[in-house]
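Structure, as structure tokens:
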Amino acid sequence: MATEPTKQRGRPRSFDRQAALEKATLAFWEHGYEPTSVADLTRAMGIGAPSLYAAFGDKKALFAEVVGAYAQTHGAFGTRALEEEPTARAGIARLLHEAATEYTDPAHPRGCMVISAATNCATPEVEESLRERRNANLAAFESHIRADVATGQLPPGTDPEALARFSGAVLQGMSQQARDGASREELEAVAALAAAAWPQAR
């Protein structure tokens, strides 16, 4: 007597990895790292926990990949501005102006994920990795400002570190204000004031 072929069991369901990663990004962006549970992630991503672990590792590993992807997509405007503009003044002014648009875009959660996801974070490794990214941004600002001082685009008495921190504080404040409901126009006005506060070349 012939027997029926045995059905495969436990075969992982196929899914669009990039689409799932973007959904995880939106979940972390909206709620932050700590409050977002694995159950929240699987629900948002439309996959089971075994598929999540198989494709991305644990929650911490998934978040690390999310942050890397965010830097190449939603957060890439900052790097482009600094690379494409001829001076630090122009690059950071453009960065702040574009942040006003990006941080209030209704297509995704408000603000900057790298800034907001760290709120109330109790996982030291995650908190440190986000701090390192923010500090790397400040270092990039400072490097560009120093170059402008060296070429005379900014006056000799300019304090590159202080000006970089000022710009970073404005950017971080814009992120929080966006989450608190500030409009694009309101944040653009903040960006314009920040640009006007820069020292003028002699």
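A compact table of results
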quantity: Residue list for segment 103-120, filter: over 16 Å from A71 (Cα atoms) and either surrounded by fewer than 18 Cβ atoms within 10 Å (Cβ to Cβ) or not assigned by TED's automatic domain parsing to the domain that holds R184 (or both); calculated: D105, P106, A107, T119, N120
quantity: Some residue of segment 155-173 being assigned to a loop (DSSP other than H, G, I, E, B) and surrounded by 13 or more Cβ atoms within 10 Å (Cβ to Cβ); calculated: yes
quantity: Residue list for segment 185-198, filter: loosely packed, with under 14 Cβ neighbours inside 10 Å and not small (G, A, S); calculated: E185, L193
quantity: Helices (runs of 4 or more DSSP H) fully within segment 57-145 counting 2 or more residues that are under 26 Å from T158 (Cβ atoms) and without any contact (Cβ under 8 Å) to a residue 40 or more places away in the chain; calculated: 76-84, 88-102
quantity: Qualifying positions in segment 128-154 - acidic (D, E) and surrounded by fewer than 17 Cβ atoms within 10 Å (Cβ to Cβ); calculated: E128, E132
quantity: Members of segment 29-66 that are among the hydrophobic types (A, V, I, L, M, F, W, C) and closer than 14 Å to A117 by Cβ; calculated: W29, L41, L62, F63, A64, V66
quantity: Filter result for E34 (of a type in the set (D, E), assigned to a helix (DSSP H, G or I) and out of contact with any strand residue (DSSP E or B) (no Cβ under 8 Å at 6 or more places or on another chain)); calculated: no
quantity: Every residue from segment 148-174 that is among the charged types (D, E, K, R) and in contact (Cβ under 8 Å) with a residue 12 or more places away in the chain; calculated: D148, E161, R165
quantity: Residue within segment 52-72 that is modelled with pLDDT under 95, over 29 Å from D180 (Cβ atoms) and in contact with a Lys or Arg (Cβ under 7 Å, 6 or more places away or on another chain) present; calculated: yes
quantity: Qualifying residue in segment 47-54 (condition: part of a helix (DSSP H, G or I), of a type in the set (S, T, N, Q) and closer than 30 Å to V190 by Cα); calculated: no
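The values are calculated or read from the model by the stated rules, or taken from the named source; none is laboratory data. These figures come from a predicted structure and were not determined experimentally. We place every Cβ from the backbone using ideal geometry, glycine too, and count neighbours over all the protein chains shown.
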